[in-house]
Amino acid sequence: MRAEALNWVKKPVTKQQIEPLCNSFNISPLMASVFVRRGITEGKDLLYYLEDDMRFQHNPFCFSAMEDAVERILQAKEEGEKVLIFGDSDVDGITSTAILYEELSRLGIDVQWRLPLEDDGYGLSISAIDDFAAQNGTLIITVDCGISNNDEIEHANELGIEVIITDHHNPPEVLPQAIIIIDPKIEDSGYSFEGISGAAVAYKLVSAIRFALSDFYNAEICLLEITEDSQNNCFYADCLKIRNLVKSKELHEKIIPGKTSIYDLKLPYFLSGQLIYCWDSKHTLEMLSALFGSGIEFNVNDLRNEISKVIPAVKNKTANQVKALSQIAKYTGQQASEIESIFNLYVTYCKKLIAQKYPQQIADEQKDIQLVALAALADIMPMKNENRIFVRNGISSIKKNRPRPGLAELFNKLNINIDALTSADLSWNVIPALNAAGRMGHSDLSLKLLISTNAKEREQLADTIFNMNEERKELVSSAYFKIHDSAEQSLAQNSQKLCVSVDQTINKGVTGILAARLMQDFNVPTIAITYENEICTGSMRSCRGFVATSFLDSLGDIFINHGGHNFAAGFSFTKDKLDVFLKLVQEKSSSIQLEEETSIIEVDAEIPMEHLTPENFELLDTFEPCGAESPELILMTREIKLIDTIVLGKKEPRHLKLIFDTGKHKIPAMFWGQAERLRKDIAIGKKYDILYNMSRNHYNGTITKQLIIKELVPSE
């Protein structure tokens, strides 16, 4: 059977599509073909696959409300206010709380934290507000929650407690009346990428607070660059106003000598009262004088001399030469301009100065980014844009600087090989363990593990969390076995488009895991509900393009609270509304529109056997981390000869290790769970067409490049 018969589809790409990427970004034709097939062809998207530097993340002050949040927190510090950080109980909420709590503690703020425990529902609670009010608390900051807590925040307002919301969940139609909301998903947030985790939002707030300690905080300058277009006998004036290293306003004007009067331009009004910097002030003043005469004075400062003290490579370079050197400019293509390159260089210059003056901030950032990486993977954030920077740097920090306190003890308990650490290790081993405490109603244990300054306490907490994770596995296994059949029967009641499970004996902490497993089994959106003390608690996991939060919104005003993401949401309501809920779900299920299933396997690239070399494993590094919206590479090679097989498996021999011969190299491969196929349709000496992922196996200090076979068929 040929690969085509198995629906292995490789989209055609042309030389005209590939060559520009190879030339512009210095990548191989193989890598360029993968990018083209995945629709990643714009420089602004390629940037996050080809670069690792943290300077490519978005500025926290891109959030339109960030400066207000920083000012309110600094006010709380100055006035000695009590501050409460309220987080969520999952990994994203725990890491968010840890990041913000540690920074506010460093600042000397009277800060405490609280998470939902035991019978608490999702999000900020009335009881938490009342308890804080009893302590004369005045400011609550939510992390990874709050955007749906309209009633609770209204209650806080009535008690004279102000609330800052930092969240990343889908907002309701009517936003809570918090004094400040920082959520990339709200309208006019100002932030260019809405797919970040709650921990990333908290990290952005912390980064902004750290920046506020520098001399550049709230400083306003204006960059001015005049360029000559001799071909068209004109000049261009480009101006950028900058505040907190973010472009606040910009002006681009064309000036025709002898025809354009300075009084006809917006330029003098734009520059009025500004602290003006030019790359080469002498050259700029000469051009301005030539254009408008010496009677009009411009007070400009020279930027090149200042920056070259910190970045010597730009000394004596023209603005055009700086543009050619710019790493960011190559990703903006024809849109790149001299003023843009100067702006990027100025930002780098400022950050270098801050790093020199505040070296501890760099160390603290390295600890924070490990948690941001965990949160991005735990909340299944899209693995694109700055999330790739976060996860790569988080893993790099763990390897280079070793795990931060708390993670170090847990890694040791879980026997994690730090040197071989990948995003998959975090997703499948570390994150479930951290989540286990929250699922068992004790999310405070995971938070204490991350923020404790006592090594002995961290060891004890890691041990407790490890045991809770083992208990969680047993709960999931027994509950899944118990509800599977009834869940399957619910499909008929819900038009075969929705699966619903209701069982009082389920631990409410595992409803999300159960919903996810049932969704994978039946490939439809799934709801898992349990109840205790007359309160029903549920989780929804969705797929095939169906938005979970929109569906819950459509059920009307029956919830105590509800919210979440497009494909993962949670809710609660009083038990007397359970029948109403189930009836509404059944009625609406018939109109659910699900994307069609497909058996097609999209192949990222076909690698000829002779090119299946160790060098081409660089593809792994470019596309790692994999995750939502950036799956593992699926590659294909035809007519490769199988020269050896080994059956593996400690308890039972279920797996195959295969050795293929490319002519120049012997390539090992693993074919999981397929040992029974040996001598049926897999035989030594035959040639096969193979579908696979690339992988590196770390064992006893040795790194082996290998393939993970997805499927193979005899070649014709």
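The values are calculated or read from the model by the stated rules, or taken from the named source; none is laboratory data. What you are looking at is a predicted structure, and each value in this text was computed from that prediction instead of being measured. Glycine also receives a Cβ, built like all others from the backbone with ideal geometry; neighbour counts cover every protein chain displayed. Ligands, DNA and RNA are excluded from the accessible area calculation, which covers all protein heavy atoms including side chains. Shrake-Rupley method; radii C 1.70, N 1.55, O 1.52, S 1.80 Å.
Here are the numbers for the structure shown:
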{"read-out": "Of 317/367; 330/399; 351/384, those spanning more than 27 Å from alpha-carbon to alpha-carbon", "value": "317/367; 330/399"}
{"read-out": "Nearest-0.05 FRET efficiency for residue 11 and residue 590, computed from C-beta distance (R0 25 Å)", "value": "0.10"}
{"read-out": "Unit charges on C-beta of K, R, D, E only; dipole of the chain, Debye", "value": "2880"}
{"read-out": "(1) 36.9; (2) 45.5; (3) 34.3, with the label sought being that of the calculated mean projected area of the Cα convex hull in nm²", "value": "(1)"}
{"read-out": "222 nm mean residue ellipticity, helices alone, for the chain (DSSP H n ≥ 4; -39,500 (n - 2.57); rounded to 500)", "value": "-12000 deg cm²/dmol"}
{"read-out": "Where the Cα pairs of the stretch 577-677 fall when distances are cut into 5 Å bins, in %", "value": "2, 9, 12, 14, 14, 13, 9, 5, 5, 6, 5, 4, 1, 0"}
{"read-out": "The stretch 658-696-the stretch 41-88 distance, computed between alpha-carbon centres (Å)", "value": "48"}
{"read-out": "Carbon/sulfur fraction of accessible area - the chain, other protein chains in place, 1.4 Å, %", "value": "47"}
{"read-out": "Accessible area (Å², per residue) of the stretch 626-716, counting only protein heavy atoms and a probe of 1.4 Å", "value": "56"}
{"read-out": "All aspartates and glutamates inside 12 Å of residue 657 as judged from Cα atoms, apart from same-chain residues fewer than 8 positions distant", "value": "644"}
{"read-out": "Backbone HN-Hα couplings from phi across the stretch 556-573 [Karplus 6.51/-1.76/1.60, Hz, Gly and Pro as x]", "value": "x, 8, 10, 8, 6, 7, 7, x, x, 10, 4, 10, 8, 9, x, 6, 8, 7"}
{"read-out": "Counting DSSP beta bridges with both ends in the chain, the antiparallel % (nearest 5)", "value": "65"}
{"read-out": "In Hz, Karplus ³J(HN,Hα) per residue of the stretch 140-156 (6.51, -1.76, 1.60; θ = phi - 60°; x = Gly, Pro)", "value": "10, 10, 8, 10, 6, 6, x, 5, 10, 8, 4, 5, 5, 6, 4, 5, 4"}
{"read-out": "Karplus-derived HN-Hα couplings along the stretch 308-314 (A = 6.51, B = -1.76, C = 1.60, θ = phi - 60°), whole Hz, x at Gly and Pro", "value": "5, 5, 9, 10, x, 4, 9"}
{"read-out": "Three principal axis lengths of the stretch 490-550 [C-alpha, angstrom, descending]", "value": "34, 22, 21"}
{"read-out": "The stretch 52-184 - Rg (one decimal) and Dmax (whole number), Cα, Å", "value": "14.3, 47"}
{"read-out": "Inter-centroid distance (Cα atoms) of the stretch 600-635 relative to the stretch 310-362, Å", "value": "33"}
{"read-out": "The stretch 498-566-the stretch 194-243 distance, computed between alpha-carbon centres (Å)", "value": "43"}
{"read-out": "Straight-distance crosslink candidates among lysines, where the alpha carbon sits under 21 Å from residue 11 and sequence neighbours closer than 8 are dropped", "value": "710"}
{"read-out": "Nearest-0.05 FRET efficiency for residue 311 and residue 657, computed from C-beta distance (R0 60 Å)", "value": "0.75"}
